[in-house]
Amino acid sequence: MLWYDSRDWPVARVAPKTAIPGVPKPLPAEYVTLLRNGISGQVIMPGDPDYDQARHVSNPLFNNFPSAIIMCETNDDVALCLQVARDSKFPTVARSGGHSTAGFSSITDGIIININRMNSVTIADDRKSVLVGVGCNFGALNAALEPDNLHMPGGACPDVCVGGYMQGGGYGFTARIFGLNCDQAIEAEIMLTDGSVKWVSPDNDKDLFRALLGGTGSNFGVLLQVRFKLQQSAVFAGFSIRWDMSTDDGQRDASKALNWLQCNFIKDGAAKKLGYQMIWVFEGPEGQPRKPYLLMRGMHHGTSVEMMDLLAPVLDLDGAQLEYMFAPMQYSGLNKILLTTPFEVPQFPPNVTSPPPENKLSRIISRVLEPSEWLQLIHLFLQTPNDFTTIAMEIYGGAIGDVDFDKTVFVHRYAYCDTFCDVFWQSEEERPKAEAFIAKWRETIEQFWDGGVYQNYPELGDKKYAEHYWGPEIYEFLCGIKEKYDPDHVLRFPQGVGIKKYPG
Ligand SMILES: Cc1cc2nc3c(=O)[nH]c(=O)nc-3n(C[C@H](O)[C@H](O)[C@H](O)COP(=O)(O)OP(=O)(O)OC[C@H]3O[C@@H](n4cnc5c(N)ncnc54)[C@H](O)[C@@H]3O)c2cc1C
């Protein structure tokens, strides 16, 4: 996902105040006392001064009223939360960074186990691996790794945390070069819902370990720490190539380029050291009408000269313009440049003072689309009701496709790309138009869709999520793990594994 989203928003992220404050189902007093006396972190209950701040997630669309929010600081804190969850039978979810696109780390009438403060980073003496408390966000993690030129593939937004990200796969600019984030995991520490702690790896409960690599969060236990392998000497050259899509000729050129890239530039060969995404945006200087562009933005693990040699055939395509290139630098600086230069993606106007609500639709594409088919999608993009709509293609291939199927439950790795459509609205009046646009996008892209959805971009209303994220065989496997480790569904949310058997 492209939104860098680390603007210093003038209005902080606080869950919207509702006309009538939501009153969640109260947690019985005995449990409140147990938590208040036993937690070394912070217990936040409805009515507490920090409640509105703590109940929010990154997308203001989700406005839940939890019965209790526990900011855990130790394993004992997590164990006590799980004890209360078990005994009270209140539905419970974990939260790390609060960036779930369907708001799944929030819950009304339930308990949130927030492990955001459990965020230690320990680099091994040999610099080959790092142990991360999964409440750590990518901004902090990169700040710890980059002084030593170390890298672990992460995503776009520095506020996203390892906890949710890794369990959904984890895509970013360097995923084609080194693999997805979950492909870097060596071992993981998880607290099961009975309160026991387990270290899992390919040698120690390989099935549970596999389930954590793409099986999504709040299913099998509370993830505490993950040891990841590290890439050494990791600096990347960067580039942006753009196609102006404001004219008929420009739209045709862009559609041909999209098809050419699919046919020539995706899966193998030298381009394996190149990670890139195709972004459809409206942008331009403030105060002037925005223009539609197709952007190809990426990173190369090598020199600028090698990168420009690789890109030469792309730059020969009709309409392609080199917007910029950068000499090798570390991931976080280049990631920020690619997503904010010359304009932020998407480009919100200065009068937007708090993060706008957002809806997202992910669709995995596995086949080559003809230029005429890309053109159909481009024409639809140009009908968006506002300039913030962003379409992006997270290109797979490279190291993503090199990992054996049975190592993880990320089943989309052999596809061409994930394509997502992001709509935003600034007022309730704008909302129906934005939603109508995403509905039209859903209908139009159906014919090109392979049936998969990237599980890190969940959509709240998706009833067929099990089929879309994993397919029947892997879902059965995951249901078996759920039955083994959380048979009473202490952790549960609308798209939980096996949840149909235990609704509510
Ligand atoms: C602005 C923005 C940019 C993004 N950019 C990218 C990107 O570039 N690439 C990409 O792949 N994805 C991206 N995402 C999606 C992101 O990877 C997922 O939303 C991810 O799940 C967020 O993890 P989190 O810990 O921050 O969120 P949370 O909302 O805290 O967690 C997400 C899910 O995991 C569960 N969970 C969290 N922590 C734990 C834990 N410790 N144990 C068990 N379950 C847990 C939660 O209950 C929830 O279901 C982006 C999202 C946003 C909002």
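Between ARG127 and ASP402, take the C-beta separation as r, use R0 = 22 Å, and let me know the FRET efficiency to the nearest 0.05.
0.40
Ranked highest first by the average count of other Cβ atoms within 10 Å around their residues, in what order do 96-104, 240-248, 429-437 fall?
96-104, 240-248, 429-437
Where in the range 118-132 is the amide nitrogen less than 16 Å from a point lying 7 Å along the Cα-to-Cβ axis of ASP148?
Zone members listed by number: 120-132.
Can you give the extra length, in nm with one decimal, that the chain gains between LYS89 and LEU460 once fully stretched, where that is 0.36 nm per residue apart less the Cα-Cα distance?
Full extension from LYS89 to LEU460 adds 131.2 nm.
Sort PHE477, PHE236, PHE178 so the one with the fewest other Cβ atoms within 10 Å of its own Cβ comes first.
Fewest-to-most Cβ neighbours within 10 Å comes out as PHE477, PHE178, PHE236.
I need SER427, SER196 ordered by Cβ neighbour count within 10 Å, fewest first.
SER427, SER196
Ranked from highest to lowest mean number of other Cβ atoms within 10 Å per residue, what is the order of the peptides 116-129, 483-496?
483-496, 116-129
What's the extension gain from GLU30 to LEU315 if we count 0.36 nm per residue and subtract their Cα-Cα distance?
95.9 nm
Compute the signed sum of charges (Lys and Arg +1, Asp and Glu -1) over the other residues within less than 12 Å, Cβ to Cβ, of ALA320.
-3
Find the relative contact order for the chain and round it to a whole percent, using C-alpha pairs within less than 8 Å whose residues are 6+ positions apart.
17
What is the fewest-to-most order of LEU61, LEU274, LEU460 by other Cβ atoms lying within 10 Å of their Cβ?
Going from least to most buried by this count: LEU460, LEU61, LEU274.
As a test of the formula, what do you get for the chain when each DSSP H run with n ≥ 4 contributes -39,500 (n - 2.57) and the sum is divided by the residue count, at 222 nm and rounded to the nearest 500 deg cm²/dmol?
-8000 deg cm²/dmol
Can you give me the convex hull volume of the Cα atoms of the chain, divided per residue and expressed in Å³?
Per residue, the Cα convex hull of the chain comes to 139 Å³.
At a Förster radius of 51 Å, what calculated FRET efficiency corresponds to the Cβ-Cβ distance of THR74 and ALA436, to the nearest 0.05?
The formula returns an efficiency of 0.60 here.
Multiply the residue separation of GLU429 and GLU323 by 0.36 nm, subtract the distance between their alpha-carbon atoms, and state the gained length in nm to one decimal.
Fully extending the segment from GLU429 to GLU323 adds 34.6 nm.
Treating the beta-carbon of each Lys and Arg as +1 and of each Asp and Glu as -1, no other charges, what is the dipole magnitude of the range 368-420 about its Cα centre, to the nearest 20 debye?
That gives a dipole near 60 debye.
Past the 27 Å Cα-Cα mark, which pairs from LYS273/LYS360; LYS433/LYS463; LYS198/LYS407?
From the list (LYS273/LYS360; LYS433/LYS463; LYS198/LYS407), the Cα-Cα distance tops 27 Å for LYS273/LYS360.
In terms of Cα to Cα distance under 12 Å, which aspartates and glutamates are near enough to LYS482, apart from those fewer than 8 places away along the same chain?
Excluding near neighbours in sequence, the set is ASP207.
I need the calculated FRET efficiency for the pair TRP199 and VAL305, taking r as the beta carbon distance and R₀ as 60 Å, to the nearest 0.05.
0.85
A short reminder: the numbers here are calculations on the coordinates, not readings from a lab. Fair warning: this is a prediction, and the values are worked out from it, not measured in the lab. Glycine gets a Cβ as well: all are built from the backbone with ideal geometry, and neighbour counts include every protein chain shown.
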